[in-house]
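Accompanying notes for the structure given below.
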Amino acid sequence: MRWKLLRRRLSISAPRVIVRRHLPWPLRWAAVAVVLGFSGAIALWAFELGKDLAGLDHDAKDELARLRIEVAQLREARDKAQSLADTAGSVLKAERTAQDRLMQQVRQLEAGNQALRADLGFFERLLPATGGDGLSIRSLQAIPQAPGQLRFQLLVMQGGKSPAEFKGRFDLVLGGMLEGRPWTLLATTGGTSLVLTQYARSEGLVEYPAAAVVKTVQVRIVDDAGAMRASHTLRL
């Protein structure tokens with residue numbers, strides 16, 4: 001019996017026996033990782049060696065240096081553009097301020113021109129078409145403002161090339177009706193002083209009884225000696 005078993009094991013028909021070495025899974029994975037890392041290192045070394053042989057690494061370095069120079073130039077150009085923009089903004093702000101000041105001055109000049117035009121219109125209304133030498137009342141205007149109030153404007157002139165200075169006064173006399181009877185009022189009691197060489201302009205507001213009806217306004221110019229030099233009566 002033992003002989004048969006021994007012969008069967010030693011014969012061709014004996015069963016195959018496979019011998020396997022048992023390794024833990026962590027060791028297997030560690031071995032695989034080592035092999036892959038080693039292969040990757042060899043591949044990287046081969047790639048770097050190929051770049052050195054082909055000159056690619058040198059070209060890449062030159063390209064990187066060129067790009068850095070261009071970036072520096074672009075930054076410098078950007079800083080200059082920003083500085084110019086800031087300067088332009090300051091100049092524009094100053095120009096706007098100057099423009100506002102000029103507009104204010106223009107408005108002031110326009111107001112002054114309007115005042116001069118008003119004065120010119122006043123003189124144009126007062127001056128007659130013709131005139132002569134000597135002291136004369138060139139024009140008189142009287143406009144009722146309210147019951148019991150009258151605003152007057154008076155222009156007195158001296159003709160001639162070199163008239164002497166006149167010193168005196170003028171009286172303003174109102175005439176009309178009050179309660180159905182004739183009425184007269186010396187509006188400027190004591191007179192109003194008047195000094196002129198070529199012309200003098202005077203205006204003011206006089207008061208009178210509100211119930212009175214003013215029909216005439218008379219101006220009398222008297223010199224220092226008390227002599228009446230000119231008079232003018234305006235009918236309303």
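Scan the range 157-202 for residues that are of a type in the set (Asp, Glu) and without any contact (Cβ under 8 Å) to a residue 40 or more places away in the chain and jot them down.
Residues satisfying the conditions are Glu165, Glu179.
Within the group Asp119, Asp100, which residue is at pLDDT below 85, within 45 Å of the chain's Cα centre (by Cα), among the acidic types (Asp, Glu) and not in a strand (DSSP E or B)?
Asp119 is the lone residue from the list that is at pLDDT below 85, within 45 Å of the chain's Cα centre (by Cα), among the acidic types (Asp, Glu) and not in a strand (DSSP E or B).
With Pro209, Pro182 as the choices, which residue is in a loop (DSSP other than H, G, I, E, B) and at pLDDT 90 or above?
Answer to the check: Pro209.
With respect to Leu150, is the statement that it is surrounded by 15 or more Cβ atoms within 10 Å (Cβ to Cβ), of a type in the set (A, V, I, L, M, F, W, C) and either at pLDDT 90 or above or in a strand (DSSP E or B) (or both) true?
Judged against the criteria, Leu150 is a match.
All but one of (1) within 21 Å of Gln158 (Cβ to Cβ); (2) free of Cβ contacts under 8 Å to residues at least 40 places away in the same chain; (3) of a type outside the set (Phe, Trp, Tyr); (4) part of a strand (DSSP E or B) hold for Gln218; which doesn't?
Tallying (1) within 21 Å of Gln158 (Cβ to Cβ); (2) free of Cβ contacts under 8 Å to residues at least 40 places away in the same chain; (3) of a type outside the set (Phe, Trp, Tyr); (4) part of a strand (DSSP E or B), Gln218 fails exactly one: (2).
Which numbered condition trips up Leu36, out of (1) of a type in the set (A, V, I, L, M); (2) at pLDDT 80 or above; (3) assigned to a helix (DSSP H, G or I)?
Unmet condition: (2).
Of the residues that sit in the range 153-169 and are surrounded by 18 or more Cβ atoms within 10 Å (Cβ to Cβ) and more than 52 Å from the chain's Cα centre (by Cα), which one is nearest to Trp183 (Cα to Cα)?
Gly168
The values are calculated or read from the model by the stated rules, or taken from the named source; none is laboratory data. These figures come from a predicted structure and were not determined experimentally. Glycine also receives a Cβ, built like all others from the backbone with ideal geometry; neighbour counts cover every protein chain displayed.
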